[in-house]
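One structure is given here, and the rest of the page talks about it.
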Amino acid sequence: MSQEGAVSASAASLEELARWPEEMCRRELQSVLPRLLSMFEHSDDWSEHIQILKITVQMFLPHMNHMTLEQTLFSQMLPKTVKLFDNMMYELTNQARELSSQNLEIQATLRNILQTMVQVLGALTGCVQHVCATQESILLEHIHSLPSSVIHVVKSTFVHCKNSESVYSGCLHLVSDLLQALFKEAYTLQKQLMELLDMVCMDPLIDEKDDILNMVMVIHSLLDICSVISSMDHAFHANTWKFIIKQTLKHQSVLKNQLKHKDIITSLCEDILLSFHSCLQLAEQMTQLNAQDSADYRLFQKTLKLCRFFANSLLHYTKEFLPFLAESCCSLHQLYLQIYSKFPPSLYAAKISKEQQEEIAGAFLVTLDPLISQLLSFQPFVQGVLDSDLALPNELQFPQCLLLLMVMDKLPSKPEDVQALWCKECQTSGGTSRVSLLKAIFCSFEQCSGELSLPVYLQGIKSKGQAEVAITLYQHVCVHLCTFIASFHSSLFPEMDAALLNAVLSANMITSLLAMDAWCFLARYGSAELCAHHVTMVAHLIKSCPGECYQLTNLSILLRRLFFFMATPQQVEFIQKFPPKEAENLPLWQHISLQALPAELRVPAALEITRAGTMQCRRWLGSSRTVADLACLNTALSALLAVYNSASEAMDIGQQTAVMEVGSQLWAFLSTKLLTGQPYIQETIGLLLPLMGFFIQSLDPQLISQVVTLQNSLLKLEPLDYICLAVLDFVSSLGKFFISEAIQNKILPNLSSIFASLLAHRNWLLEQHTLEAFTQFAEGTNHDEIVPQCLSSEEIKNKVVAFLEKTGFIDETEPARVERVKQEKGIFWETIAKVAEVKWSSLQPFAKRARLECSLEEEYRATCQAAAEALEDLELLLHKSPAPDWLLPRLEGLQGRMEGLRCRLLQSKHAPSP
């Protein structure tokens, strides 16, 4: 053996080893390596550790068998290296608090630690580079300590760099150069590691559980690094994600059951939202500065590309691992909602220019469309979107509506089973349930009150040869809903009918209107027989509806609209099935416009309704006039009013005279005293006033005087709004009526009082109608002196002037208006929902309840008050006309019952206490 070879490893110093030539290192590897590893294990000096590590990696690693690297080196040296790095990081973090420009000792210590850490990272980089250079394909089991150790120190480094502002406080500049070197070295190390892992080969036919678990660990550790570097280096962040996605797809066959798919999807969604929000902030800043060619715009474009990259990565991953994403559906659902909640035209969107909106939509939002397409047939996603217990905050209701519409647009091209998955309600064994798509759309739509009231505008539909026009949310939903109905699979018609009917019966007016519009489209799109079937069904529902309720109102509007779409033969059949000459069918005909009938059907129908209506009125005039009879009277008046509103030209003089006479007779039985606490009579007034307005030129002036006097007295009782509207309908018609001098002193003061009272009303709907009625009256009347008498205050004068000049009272900016609508949406929606719930429950009969003792006195008082009022009414009737023969015996019977009640009261009063 040569002299050099005789030198023992134990006697050779590290400095001497560093000077060995390559050939000697190769020859003495087997004898020197154990010594080096022993020295590394037992040394407590950081600098000696680093020197041993560098010598081992640089001089001896190139001569080792790559098949045995894990056993001979990595498993023995890397754990201690990681521990060494952690200790240095601990010391670095603890002593950084004392760093200052005056404390030179601490400054030198920290810089030495940082330099040592840079060397550790460099040595690990050498390990990775050696493995990459010596092997074309790598089995993870041969190097499994290397990836885990590298990832640990890389992540620790990035976390420290990310927190450096807080760790070093105001003295960061004293070590910034070494921190940059540390970050750069960690960056290089991770990049080299990703190149190494790209060379890893995993045979799907060989069940190597340790390799699989190691690769899963590597992927999820890199996922953790992504969360650290996301705000530090966008390009590096994107490349790390690119590598993660690439590896999951490369080893899909062996990793698919082991990967934590939920963590990957959640992290990817978070990064998408983070980059998207950054993109919006830049766009908003550019909009405010009105700058398009600045550095901000270039950064905006880079960030937008990052958004697109992340979105495509999500799209690719979802496509390959969809069966394993059941737990990720909530994240995917929320991703869509969060994105569209911050993008115009959402009320909660950033204020960005139209150009940036189009760029974002064209480069990023387009990727969400195929993502939803991939999820359409995935049952867990359907369950998440249509969950009956889904509770979304206000800002996510509008995006939810857009998502449901997107799904609806895609369904017609899908198989029947996919359509059924979305369109049928379902109750699972676990107790969860989902609603149908159509029901979800109606529910989501009605919660977009702010977007509907502003309104917000969405991209319109391009017509051939015409420019695209923005449309409101209502139009957008209606168009897409009707398009969907036109392509609805026949097997799902029952679900569609149920959804439309439930929506028509909604307590929310705008929802009911949308359902009616969709139903009317169906009536026009379908056959004449289908339309007739729907009209007949609605007619039967109306006839079976118990009492007045908002559902009856909605059904009556639907009947009126559908009737216009019926073909003439089907209209003939309807008339035969529900003949208008029969009083029992007047509840239907009061809601039908005779304009829907051709002339040959309209005239006889109007004649029959008029005869049946006037006969019903005369029957009431000649009866005992009970409350039940009064309800029939109101139906008759409503049917007569429908005839005059829609087919007055079909009425001859005789029929008009008959209606006017019966109307005049009805007024003889009405007074303010009779109106107190009797809603049916108030309803009669509300119907009779507009009906008599048709005959204003033919009415007896004394009768007009009585009506106006009654109206003025009625308004003092604060009647319901529809009574006030009826009053306005009548008094506005007086603008064309010449009031003779004989009755001017009776009519004109009451007219001015009526207008003054209603112009001062605080209900916005009544206020608007009053302004319209007053304007119509003032423009037509010959009695100009009454006009200023109606303007009782300066506030009312300003209100009328503003109405005539079409100017508003409130000067509200667009941002202020949006904020107000958002607040109203948050305040009022829950209240409206509760009111709707109460209205629905009001249809159900109340369960019998035990009377509460505390309410007995109130019941006694109410009963006595009702009896006293009935006696007063009877006294008034005796003044108006002779009493019938049966009245005296009836009163004597009542007097006997009164005496019996008096005796019982006296007995109970003197009875001993128990």
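Annotations for the structure displayed:
- Gyration tensor (alpha-carbon) shape descriptor, region 548-635, a/c threshold 1.5: oblate
- Residue order, fewest to most beta carbons within 10 Å, for S623, S740: S740, S623
- Using alpha-carbon coordinates, inclination of helix 599-621 to the longest axis of the chain, degrees: 70 degrees
- In degrees, nearest ten, helix 856-880 long axis to first principal axis of the chain (Cα): 40 degrees
- Inverse mean reciprocal Cα-Cα distance (Kirkwood Rh) of the chain, Å: 36.2 Å
- Amide hydrogen neighbours beyond the local backbone of F578, cut-off 5 Å, H modeled: none
- Whole-Å distance, taken between Cα centres, linking region 568-645 and region 684-741: 23 Å
- Counting only DSSP H runs of at least 4 residues, each contributing -39500 (n - 2.57), and dividing by the residue count of the chain, the helix-based mean residue ellipticity at 222 nm comes to -22500 deg cm²/dmol.
- Amide H to amide H distances under 5 Å link I138 with V200, C201, where only residues 5 or more positions off or on other chains count and H is placed in the peptide plane.
- Residues S149, S294, S137, S164 arranged by fewest to most Cβ contacts within 10 Å: S137, S294, S164, S149
- Span from the region 402-419 Cα centroid across to the region 261-327 one, whole angstrom: 26 Å
- Given in Å, the Rg to one decimal and the Dmax to the nearest whole number for the Cα atoms of region 686-788 are 12.4, 37.
- Against the main long axis of the alpha-carbon atoms of the chain, helix 437-446 sits at an angle near 70°.
- Unsatisfied cross-links (Cα-Cα over 22 Å) in the set K155/K209; K162/K191; K83/K242: K155/K209; K83/K242
- Of L637, L710, L734, the sequence from fewest to most neighbouring Cβ atoms within 10 angstrom is L710, L734, L637.
- Relative packing of 98-105, 534-541, 793-800, which averages over residues the other C-beta atoms within 10 Å, highest first: 534-541, 793-800, 98-105
- Value of relative contact order over the chain, rounded to a whole percent, pairs C-alpha under 8 Å and six or more apart: 5 percent
- Residue-wise HN-Hα couplings along region 343-355, as the Karplus relation 6.51 cos²θ - 1.76 cosθ + 1.60 with θ = phi - 60° gives them from phi, are 10, x, x, 4, 5, 9, 7, 6, 8, 10, 6, 4, 5 Hz; Gly and Pro carry x.
- Most positive-pole-ward Cα, S230, Q247, Q285, against dipole of region 222-311 from beta carbon charges: Q247
- Once backbone amide H atoms are built at 1.01 Å from N, E425 has S436 as its partners under 5 Å, excluding neighbours fewer than 5 places away on the same chain.
- Value of Rg to Rh for region 428-557 (Rh from inverse mean 1/r over Cα pairs, i.e. Kirkwood): 1.01
- 3J(HN,Hα) couplings calculated from phi for region 717-724 with the Karplus curve 6.51 cos²θ - 1.76 cosθ + 1.60 (θ = phi - 60°) are, in sequence order, 8, 6, x, 5, 4, 5, 5, 5 Hz; Gly and Pro show x.
- Note, ³J(HN,Hα) from phi for region 30-35, Karplus 6.51, -1.76, 1.60, rounded to Hz, x at Gly and Pro: 5, 8, 7, 4, x, 5
The numbers here are math on the coordinates, done by the rules we state, and not lab data. Because the structure is a prediction, the values reported are computed rather than measured. Backbone-built Cβ (ideal geometry, glycine too); neighbour counts: all protein chains shown.
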